[in-house]
Each structure stands twice: as C-alpha cells, then as structure tokens.
1. Counting only helical runs of four or more DSSP H residues, what would the 222 nm mean residue ellipticity of the chain come to if each run contributes -39,500 (n - 2.57) and the total is spread over all its residues?
2. Which number comes out as Rg/Rh for the chain once both Rg and the Kirkwood Rh are worked out on C-alpha atoms?
3. If you line up the long axis of helix 66-103 against the longest principal axis of the chain, both from Cα atoms, how many degrees apart are they, to the nearest 10?
4. Measure nothing but the geometry: give the 0 to 90° angle between the long axis through the Cα atoms of 25-49 and the longest principal axis through the Cα atoms of the chain, rounded to 10°.
5. If each residue's Cβ is checked for other Cβ atoms within 10 Å, how do PHE103, PHE58, PHE29 rank with the fewest at the top?
6. Decide, for the range 65-129, between rounded, prolate and oblate: order the square roots of the alpha carbon gyration tensor eigenvalues as a ≥ b ≥ c, take rounded if a/c falls under 1.5, and otherwise choose prolate if a/b is larger than b/c, else oblate.
Amino acid sequence: MGYADIGADIYIAIGLIAFYAGSAAPLAFLLASITYIITGLCYAELASKYPVAGGAQFFSMKAFGNLHGFLAGWGLLLDYTINIALFSLASVGYLNYIVQPLFHTNVLLRSPNYGIIAIIMILGRQSGP
C-alpha cells in the first residue's frame, strides 16, 4: 500500500465514503489518515536507507529476495490498473448527476452503458500536459 494508489480517486471517493459510512465517516477518514501517515513514514525511512528508484518493489526485493520483489512490482502495476478502472467507474456515477437533470433519464447508470462510458473515459484520456 502506498500513496500512489490514491491518485485522484480520493476526490471522487469522499462523497461515496460519506454516503456509505454515514455518521461513521469521520472514523473512516481517521483510520485511513493514520494508515497513510504510517505508510508515508515507512516509505521515508526506507527511501533514506535505499536511495534508489523502485519503491515497494525494491524494498521487497531487499527484504525478502528477488521473487518477492518481482511479485511486489507486478502487484503495484495491477493496483495502478485497477485504480484507473475504479476512478472511471466512479466518474460515470457522478457524471450521471449532470446528465440526469438535463435529459430526465438515468441512461448512464443502465447496463452496459455504465461500463461502456467508463471505457470511453479511459481510452479518451490524453497523456501529457
């Protein structure tokens, strides 16, 4: 777990967390913040000991060996891929709140439209500035 798995999702997920956690939302945010503070401190400590690129992959490799480093690297790559998918799916849900009042329909939330719009959002993303 690292800060990179948050990305822009945190700004979309705040509303969802508040909705589903209800009155326990402050506790959920407190637990998440403690987890990420501890994670950040661990990364800072490890980065000062091993000042090389690679992050969790390199740290796992140094601690447990090549196989664990390899698995950690691929796990992070999978995490980033899932992160993109979750962000686009959450974005479609929020986009529906704009489309629904304009067209008086929840067409974006119907299957398979929900997934198709999310895929279009991923494919339509441009890299660079």
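1. Mean residue ellipticity, 222 nm, calculated: -26000 deg cm²/dmol.
2. Rg/Rh for the chain comes to 1.07.
3. 20 degrees
4. 30 degrees
5. Fewest to most other Cβ atoms nearby, the residues stand as PHE103, PHE29, PHE58.
6. Numbers: a/c = 3.96, a/b = 2.67, b/c = 1.49.
Prolate shape, in that a/c is at least 1.5 and a/b is the bigger ratio.
A short reminder: the numbers here are calculations on the coordinates, not readings from a lab. None of the values given here were measured: they were computed from a predicted structure. Every residue, glycine among them, receives a Cβ derived from its backbone with ideal geometry; neighbour counts consider all protein chains shown.
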